[in-house]
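No value in this document is a laboratory result; all are computed from the given coordinates. A quick note: this is a predicted structure, and the numbers were derived from the prediction, not measured.
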């Protein structure tokens, strides 16, 4: 009984790990897809899927990844495709977050959630709200660290609690 349960847990863990490995970003994929992008032969949904993969896998140049995400957003709006609009804004939010632009990231994430709602993709909508919560948690933590840095710096610079008046 115990060995069957253990085997089930191990198998479940394996599938989760395999899913994580399969969905990991890979610059080599982006490098190979860029040739297809420059050929400009794909239309509509195939092009949106290409842009989604380019934006996701481009890790060396975040600004280029943002350009792919923006193009995906524009194309999905033209084609009225809420699913790819979700992916475009999601990738835009991810890259903005990596660049440290947390307000821009949150803006993109909220637009992504709205697109997921329009696409009636409850799973995607739930996932995006978890990402939004994580960004809020991180920015609150960064703000706390920054405020603590100021307190420590003031105690080192002005150990006698002398106020400096700036006029």
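What the Cα atoms of the stretch 25-157 give is an Rg and a Dmax of 17.5, 63 Å.
The slack between residue 130 and residue 67, meaning 0.36 nm per residue of separation minus the straight C-alpha distance, is 20.2 nm.
Extension gain, residue 118 to residue 101: 0.36 nm times the residue separation minus the Cα-Cα distance gives 3.5 nm.
On full extension, the segment bounded by residue 26 and residue 59 gains 11.1 nm, given 0.36 nm per residue less the C-alpha separation.
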